[in-house]
Amino acid sequence: MGCSCDAKTDGALRGERLTAAQHRLVAQLTRISESESIPLEAALGRYLADDVLAPVDVPPRAVSLYDGYALAGPVVSDSIWPVVGESFAGDSPPPLSTNAAMRIFTGSVLPDGANAVIAQEAVDRTGDAIRLNESISPGDGVRPRGADSRQGDCILEAGTRLDAPQLGLLASVGHGFVSVVRKPRIAVFTTGNELIQPGEPLAPGKIYNANHPMLVGALSRLGVTVLDLGCLPDDADRLRAALAGAATQSDLVITSGGVSVGEADFVRQVVEELGRVDQWRVFLKPGKPLAFGDVAGTPFIGLPGNPVSTFVTFFLFVRPAIRVLSGADPDIDRPPLRLPLAESRPAGDRPEFVRVRRTRDGAGQTNLSVFRNQNSGLLSSMAWADGVALMPVGVDLVAGDVVDYFPFEAWYL
């Protein structure tokens, strides 16, 4: 979740306040205790509830790495061996007699009595005999029993997100079902008297509600159960009823808008009535007016109302919260990519996530081009960008300076 900075930023604030706020949030959360057993084919994107042990060795017996001939080594070059039988993948071959070879194919089980395989390209065959063109030692050309997984080994730890490779690994040891954490139930609604649904006539003073479909879409990509409570007006009683109801149905309540200092910003006020606000405002751009705490004991995150601020803070705070609820490591961002800027950037007074796009210069170097206008209300900048780059506070940057880059596609993991 944090950031790294190069030597040019030594001595400058590097986003510690952001990182501290993230850590304060996730420290208040605990993993969902309920789990369910589901078919492997339905487990993509889910999180393991328990460690998974291998019930069998994989492979269960030694197998050939390639097409060739199974022998008992060591065997010297120029020796001649009679060929007795053959073993295809899936066969259970008979034992190999002493001083004989068996034709064998990739993935085939080695017969008892054999301990090596010589590739078919390394022999000359005449009739039912082969002459070896190289020497081989025991273990050559063989994938030994248990090379991938050993019975009783922990092959995946609790909290692991199941993607395609993990599903393949589980299948390889014979798991048709897997125990996963129940999907987090996330209640979400947006607020604002000025908001109307897309598709309706645009009345004077109104704007279309862009944050709502953006948040619901982002939540859906993260594999949670979305409790969509729609859009509410700036009315304390309506907000109080919605927040109280959401707290009884969900593992996390998310709102957008209403957490700043305006006279119509009632969300923060109502949350404090029903629970508490632990954090308000973050030393960050965009996204300063962010709040989190709880509503009647249910964790709450109040995102800013500006669309870009909503998007950025969603992934900086909501995504790690969802990962904690699922039992996963919240520090998913690993070291970010380090890429050079294509242009200069003046020093700012807060750490800033600017919208950027990867481009290639004439020499084939990948650079980060910055969107021309970083106003937090411009969704066009998010649609143009393929990620954000973190600009350290108080540092003038010039073209070629390397910064931390977070591609959007990685934020959905």
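The values are calculated or read from the model by the stated rules, or taken from the named source; none is laboratory data. Because the structure is predicted, anything quoted here is derived from the model rather than measured. For neighbour counting, all protein chains shown are included, and Cβ atoms are generated from backbone atoms with ideal geometry for every residue, glycine included. Just the protein is used for accessible areas: all its heavy atoms, side chains included, with ligands, DNA and RNA removed. Shrake-Rupley method; radii C 1.70, N 1.55, O 1.52, S 1.80 Å.
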Quiz item: Would you pick out the residues in the stretch 121-138 that are touching a residue at least 40 places away in the same chain (Cβ under 8 Å) and either open to solvent by less than 70 Å² (accessible area, probe 1.4 Å) or of a type in the set (Gly, Ala, Ser) (or both)?
Solution: Ala122, Val123, Ala129, Ile130, Leu132, Ser135, Ile136, Ser137
Quiz prompt | Residue count for the stretch 154-178, restricted to those that are polar (S, T, N, Q) and open to solvent by 40 Å² or more (accessible area, probe 1.4 Å) | solution = 2
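Going through the stretch 354-384 one residue at a time, which ones are small (Gly, Ala, Ser) and either surrounded by fewer than 16 Cβ atoms within 10 Å (Cβ to Cβ) or closer than 18 Å to Asp404 by Cβ (or both)?
Gly362, Ala363, Gly364, Ser369, Gly377, Ser380, Ala383
Filter the stretch 167-185 for residues that are assigned to a helix (DSSP H, G or I) and out of contact with any helix residue (DSSP H, G or I) (no Cβ under 7 Å at 6 or more places or on another chain) and give the result. Give the derivation first.
We begin by selecting, within the stretch 167-185, every residue assigned to a helix (DSSP H, G or I); these are 167-172.
Passing the criteria: Gly168, Leu169, Ser172.
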Quiz item: Under 7 Å by Cβ, and 6 or more places apart or on different chains, what pairs join a residue from the stretch 307-322 that is more than 16 Å from Pro351 (Cα to Cα) with one that is open to solvent by 10 Å² or more (accessible area, probe 1.4 Å) and not hydrophobic (A, V, I, L, M, F, W, C)?
Solution: Pro307/Asn211; Pro307/Gly377; Thr310/Asn211; Pro320/Pro330; Ala321/Pro299
Quiz prompt | Lone unmet requirement of (1) open to solvent by 30 Å² or more (accessible area, probe 1.4 Å); (2) at pLDDT below 95 for Gly257 | solution = (1)
Quiz prompt | Residue tally, condition touching a strand residue (DSSP E or B) at 6+ places or on another chain (Cβ under 8 Å) and either surrounded by 15 or more Cβ atoms within 10 Å (Cβ to Cβ) or more than 20 Å from Pro346 (Cα to Cα) (or both), over the stretch 393-408 | solution = 10
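Got a number for residues in the stretch 55-74 being open to solvent by less than 40 Å² (accessible area, probe 1.4 Å), under 14 Å from Asp140 (Cβ atoms) and modelled with pLDDT of 95 or more? Talk me through it step by step, then tell me what you get.
Of the stretch 55-74, the ones open to solvent by less than 40 Å² (accessible area, probe 1.4 Å) are 57-59, 62-64, 68-71, 73.
Filter again for under 14 Å from Asp140 (Cβ atoms), leaving 62-64, 68-71, 73.
Still in the running and modelled with pLDDT of 95 or more: 62-64, 68-71.
Here the count works out to 7.
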Quiz item: Can you tell me which residues in the stretch 262-298 are open to solvent by less than 30 Å² (accessible area, probe 1.4 Å) and in a helix (DSSP H, G or I)?
Solution: Val267, Val270, Val271
